[in-house]
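Report on one structure; see the data block that follows.
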Amino acid sequence: MKHGFIKVAAAAPEIKVADPLYNAQKIIDVMRQSDELGVKLLVFPALSLTGATCGDLFYQNTLLRGAADGLRRVVAASVEFGMLTFVGLPVAKDGKVYNCAAAVYGGDLLGVVPMSCAGDKHFSVPEDDSVREMKIGDLYAVACGTRLLFECEALPSLKIAAQVAGDADAPVPPAADHALAGANVIAQLSSFNMSVASTAHETAAVREQSARLHCGFVMAAPGSGESTTDHTFSGLCVVAENGA
């Protein structure tokens, strides 16, 4: 922190679809580079550990176990860095698969935030907003819920929340509830496809939300490493505050 500010970053590394261990290493490399730059909050795209275009592979235990192992490696590496990092991955629980943001800091998995609005056929959404415990692979159970706030003892006025994928386009996005609960920074893990207008549209949307909710926004979207003949991705990263 300097003069009441913290340095934040959004990143969209070149990943490989359905290769969580490769992707975990790419994420760790970016974490190391960001730490050298003094970043204290780092946000990756939704499903950054697996890729957003795995389709029905999201239901395969091999991919789910790989994502859990990739997350374990990211958590272990985070002990070297003094930053809160949000990474995306699919998580299976009670026969359902959720699109989640994992909050990682100092060698610990602090919490898991699932996408809360229906719209993606591959993923379920929680039935309510109650906080549950969740275990991912061999990582210990952590808090899991759509309304988690992450706070810092050294800077108690800083309250960070996460918004996942299609939640940003909901009629009342979770960020609105987070802001009402006291959040002043939103980590937005996006997964939208690139189009002619996507950069202008998504940038304007993030700016508008930051102005309306009086929150800083850190948004990252999937990069070109995921692009195929069916979908293309821009790797758009945006940081906004008070509409700018």
For this session: Test Ile6 against the criterion of being more than 22 Å from Gly111 (Cβ to Cβ), over 12 Å from the mean Cα position of the chain (by Cα) and touching a residue at least 60 places away in the same chain (Cβ under 8 Å), and give yes or no.
Result: no
Problem set entry | Hits in the stretch 11-61 (condition: among the basic types (Lys, Arg) and either assigned to a helix (DSSP H, G or I) or under 23 Å from Lys93 (Cβ atoms) (or both)) | Lys26, Arg32
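Regarding the stretch 28-51, can at least one residue be identified that is of a type in the set (Asp, Glu), over 13 Å from the mean Cα position of the chain (by Cα) and within 22 Å of Cys152 (Cα to Cα)? Steps first, please.
Applying the first criterion (of a type in the set (Asp, Glu)) to the stretch 28-51 yields 29, 35-36.
Next, only the ones that are over 13 Å from the mean Cα position of the chain (by Cα) stay: 29, 35-36.
Right, trim to within 22 Å of Cys152 (Cα to Cα) and you get 35-36.
Looking through the stretch 28-51, at least one residue is of a type in the set (Asp, Glu), over 13 Å from the mean Cα position of the chain (by Cα) and within 22 Å of Cys152 (Cα to Cα).
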Problem set entry | Selection within the stretch 158-168 - buried (at least 24 other Cβ atoms within 10 Å of the Cβ) and in a strand (DSSP E or B) | Ile160, Ala161, Ala162, Gln163, Val164
For this session: Count, please, the residues in the stretch 175-198 that happen to be at pLDDT below 95 and closer than 19 Å to Ser48 by Cβ.
Result: 5
For this session: Quick one: count up the residues across the stretch 169-211 that are closer than 15 Å to Leu47 by Cα and not aromatic (Phe, Trp, Tyr).
Result: 6
For this session: Looking for whichever is out of contact with any Cys (no Cβ under 9 Å at 6 or more places or on another chain) and in contact (Cβ under 8 Å) with a residue 24 or more places away in the chain here; the options are Ala176, Ala197. Which one fits?
Result: Ala176
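Looking at the structure I just gave you, is Thr203 of a type outside the set (Gly, Ala, Ser), modelled with pLDDT under 90 and open to solvent by 10 Å² or more (accessible area, probe 1.4 Å)? First the steps, then the outcome.
Details: of a type outside the set (Gly, Ala, Ser): yes; modelled with pLDDT under 90: no; open to solvent by 10 Å² or more (accessible area, probe 1.4 Å): yes.
No; evaluated as a whole, the condition is false for this residue.
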Exercise. Given the conditions (1) of a type outside the set (D, E, K, R); (2) over 20 Å from Arg147 (Cβ atoms); (3) touching a Leu at 6+ places or on another chain (Cβ under 9 Å), and given that Ala205 satisfies all but one, which numbered condition is not satisfied?
Worked result: (3)
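Per-residue answers, yes or no, for (1) more than 22 Å from Leu71 (Cβ to Cβ); (2) in contact with a Phe, Trp or Tyr (Cβ under 6 Å, 6 or more places away or on another chain); (3) β-branched (Val, Ile, Thr):
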site: Gln163; (1), (2), (3): no, no, no
site: Met219; (1), (2), (3): no, no, no
site: Val239; (1), (2), (3): yes, no, yes
site: Asn242; (1), (2), (3): yes, no, no
Exercise. Which of the residues that make up the stretch 1-44 are at pLDDT 95 or above, of a type in the set (Asp, Glu) and either touching a helix residue (DSSP H, G or I) at 6+ places or on another chain (Cβ under 7 Å) or open to solvent by 60 Å² or more (accessible area, probe 1.4 Å) (or both)?
Worked result: Glu36
Problem set entry | Breaking point among (1) part of a loop (DSSP other than H, G, I, E, B); (2) more than 16 Å from the chain's Cα centre (by Cα); (3) surrounded by 13 or more Cβ atoms within 10 Å (Cβ to Cβ), for Pro171 | (3)
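The values are calculated or read from the model by the stated rules, or taken from the named source; none is laboratory data. Values in this document were obtained by computation on a predicted structure and should not be read as measured data. When we count neighbours, we look across all protein chains shown, and the Cβ atoms used for this are built from the backbone with ideal geometry, even at glycine. What goes into the accessible areas is simple: the full protein's heavy atoms, side chains included, and nothing from ligands, DNA or RNA. Shrake-Rupley method; radii C 1.70, N 1.55, O 1.52, S 1.80 Å.
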